[in-house]
Amino acid sequence: MTVFIPTPLRSYTRQKGEVDAQGATLGEVLSALDRRYPGLRFRIITEQDTIREHIRIFVNEEQARDLSAALRTDDEIHIICALSGG
Amino acid sequence: MTPHTKTALKPATGAVTLLIGTRKGAFLLRGDRARRTWKLSAPILLGHIVHHLVMDPRDRLTMLIACRTGHLGPTVFRSTDFGKTWKEAQKPAAFLKVPEGQQGRVVDHVFWLTPGHASEPNSWYAGTSPQGLFRSADGGVTWEPFSYINDDPQYREWMGTVQDGTPDGPKLHSIIVDPRDPAHLYFAMSGGGVHESVDGGKTFATLVRGLDVVEGFDAANIAVHDPHCVRLCPSNPDRLYQQNHCGIYRIDRPSNEWVRIGKNMPKQIGDIGFSIVLHPRNPRQAGSVCHEEWRKELGETGQGVPPIGCLVDRQAPGDDGGRARAGWPLFRNNQRRGLGQSHRRRKLDVPGPASS
């Protein structure tokens with residue numbers, strides 16, 4: 001499946017905006033990504049395995065609330081960072 | 001105790017680098033040997049909120065940055081070449097994961113970094129918000145919870161919750177290692193008081209006697225003590241100064257009682273502030289920024305750079321036998337309003353050290 005990486009996290013993915021990953025759940029996919037891009041997972045997932053306050057993760061067009069979300073091989077995962085300022 | 005000299009100390013000379021942390025990244029400001037021309041580095045970790053940037057005095061090459069962004073989680077970056085290149089910690093400071101169904105804590109940001117004792121190379125301590133104490137034994141690459149306090153029921157009660165006190169979250173800060181003894185540690189919590197260990201963190205005891213608390217609260221309740229910054233005198237490790245929510249204090253160990261020396265500050269200045277910085281060689285000299293003064297300078301717009309007062313503690317015990325003399329002469333680095341604007345106009349033409 002394809003994982004879309006927001007710009008603040010592309011320093012981990014060698015500036016790639018899309019990466020491939022495998023896993024049966026969101027947790028497995030993010031762990032696989034962290035093995036390939038060390039440090040990425042902790043920036044978006046807390047030590048209590050919850051999604052950080054200002055991060056949203058969508059599977060296709062549905063928001064995933066936790067890491068147990070089940071995935072299919074053709075899913076698209078979007079990691080979204082909140083915007084602020086002005 | 002180190003004897004004082006009444007002879008004025010000569011200003012230090014030689015090239016110097018200032019380490020600057022901002023909400024938009026970190027910078028290194030390098031001065032020449034005469035300290036007349038300064039060069040600002042490119043931003044380091046542009047866009048990161050830098051909570052602390054500290055050089056390791058043991059090798060004078062390693063630097064650690066405690067940072068986060070507005071949306072990404074907290075981390076620590078490390079340089080071993082005096083800021084030329086940076087690598088992220090492999091295992092940033094994090095609380096222990098709790099079993100399913102329990103409410104575990106999450107590090108919001110690393111607020112404080114302290115290099116370990118000279119006899120313990122690569123050791124570092126970190127303080128977080130919400131309050132937690134962490135240690136690295138490998139130069140900041142990996143971090144582990146340190147001592148028992150992070151999960152101790154009594155300490156958790158004193159730490160309060162993220163809803164208490166400090167708007168950006170309560171913080172553990174001012175981690176101090178006695179330069180004579182690696183097992184002698186201090187730390188402070190805002191809020192939650194000052195604490196001391198003499199056994200390398202196996203146990204801690206409170207060190208709050210003499211400190212005022214906000215009117216209406218009980219000083220016997222450690223949770224309401226609100227130290228903002230505690231510093232150990234580089235030239236006299238038995239002396240600490242403290243900028244507290246309720247004044248400026250000094251303690252001379254082995255005494256366990258803080259003395260509110262800030263009461264001698266001019267009334268129009270007050271002694272309530274956040275930071276305190278000590279002179280590297282004169283155990284009686286400190287710099288602080290106090291609320292009232294800051295508010296006056298910033299005015300309604302909140303723009304500008306607050307003035308820094310250079311304070312001389314003339315009542316500190318020393319070679320005069322501790323006889324009290326005049327209180328706190330205050331040396332302003334610039335008497336004019338609009339200090340911040342003039343600083344910006346003149347860029348790096350920062351006034352020299354204040355003198356008496």
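The values are calculated or read from the model by the stated rules, or taken from the named source; none is laboratory data. Quantities reported herein were computed from a predicted structural model and do not represent experimental measurements. Counting neighbours? That spans all protein chains shown, and the Cβs are built from the backbone with ideal geometry, glycine included.
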Condition first: free of Cβ contacts under 8 Å to residues at least 12 places away in the same chain and more than 8 Å from chain A (Cβ to nearest Cβ). Now tell me which residues in region B:60-86 satisfy that. B:Lys84, B:Thr85
Among the residues listed as B:Gly101, B:Gly140, B:Gly127, the single one being at pLDDT below 95 and either buried (at least 23 other Cβ atoms within 10 Å of the Cβ) or out of contact with any Pro (no Cβ under 8 Å at 6 or more places or on another chain) (or both): B:Gly101
Subset of region B:20-43 (residues that are more than 16 Å from B:Arg68 (Cα to Cα) and crowded, with 17+ Cβ neighbours inside 10 Å): B:Leu28, B:Gly31
Criterion (within 14 Å of another protein chain (Cβ to nearest Cβ) and under 20 Å from B:Gly139 (Cβ atoms)) met by exactly one of B:Ala93, B:Ala26: B:Ala93
Note on region B:119-133: residues assigned to a loop (DSSP other than H, G, I, E, B) and either within 14 Å of chain A (Cβ to nearest Cβ) or under 19 Å from A:Asp49 (Cβ atoms) (or both) are B:Pro130
For region A:47-82, the count of residues that are within 12 Å of chain B (Cβ to nearest Cβ) and of a type in the set (Lys, Arg) equals 2
Residue match in region A:55-65 (condition: assigned to a loop (DSSP other than H, G, I, E, B), of a type in the set (Lys, Arg) and within 17 Å of B:Thr75 (Cα to Cα)): no
Within region B:41-59, which residues are in a strand (DSSP E or B) and either in contact with a Phe, Trp or Tyr (Cβ under 6 Å, 6 or more places away or on another chain) or free of Cβ contacts under 8 Å to residues at least 12 places away in the same chain (or both)? B:His51, B:His52
Applying the selection to region B:73-118, what residues are in a loop (DSSP other than H, G, I, E, B), more than 21 Å from the chain's Cα centre (by Cα) and among the acidic types (Asp, Glu)? B:Asp81, B:Glu100
Going through (1) crowded, with 19+ Cβ neighbours inside 10 Å; (2) closer than 26 Å to B:Cys229 by Cβ one by one, B:Arg58 fails only at (1)
Which of (1) crowded, with 22+ Cβ neighbours inside 10 Å; (2) closer than 24 Å to A:Pro6 by Cβ does B:Phe111 not meet, given it meets every other one? (2)
Can you name the number of the only condition in (1) touching a Lys or Arg at 6+ places or on another chain (Cβ under 8 Å); (2) at pLDDT below 95; (3) surrounded by 17 or more Cβ atoms within 10 Å (Cβ to Cβ) that B:Arg68 fails? (1)
Count of region A:19-33 residues which are away from chain B (no Cβ under 14 Å) and either more than 20 Å from A:Leu67 (Cα to Cα) or hydrophobic (A, V, I, L, M, F, W, C) (or both): 7
Test B:Gly165 against the stated conditions and say whether it is assigned to a loop (DSSP other than H, G, I, E, B), of a type outside the set (A, V, I, L, M, F, W, C) and at pLDDT below 95. yes
Provide a single number: the residues in region A:66-80 that are touching a Ser or Thr at 6+ places or on another chain (Cβ under 8 Å), in a strand (DSSP E or B) and of a type outside the set (D, E, K, R). 2
Looking at this structure, is B:Gly200 small (Gly, Ala, Ser), assigned to a loop (DSSP other than H, G, I, E, B), closer than 24 Å to B:His51 by Cβ and not assigned by TED's automatic domain parsing to the domain that holds B:Arg281? no
One residue is enough: does region B:141-162 have a residue meeting the conditions of a type in the set (D, E, K, R) and either closer than 16 Å to B:Arg231 by Cβ or part of a strand (DSSP E or B) (or both)? yes
Within region B:13-22, does at least one residue satisfy the condition of being over 24 Å from B:Ser275 (Cα atoms) and in contact with a strand residue (DSSP E or B) (Cβ under 7 Å, 6 or more places away or on another chain)? yes
Against the condition in contact with a helix residue (DSSP H, G or I) (Cβ under 9 Å, 6 or more places away or on another chain) and either more than 9 Å from chain B (Cβ to nearest Cβ) or among the hydrophobic types (A, V, I, L, M, F, W, C) (or both), how does A:Ile44 come out, does it pass? yes
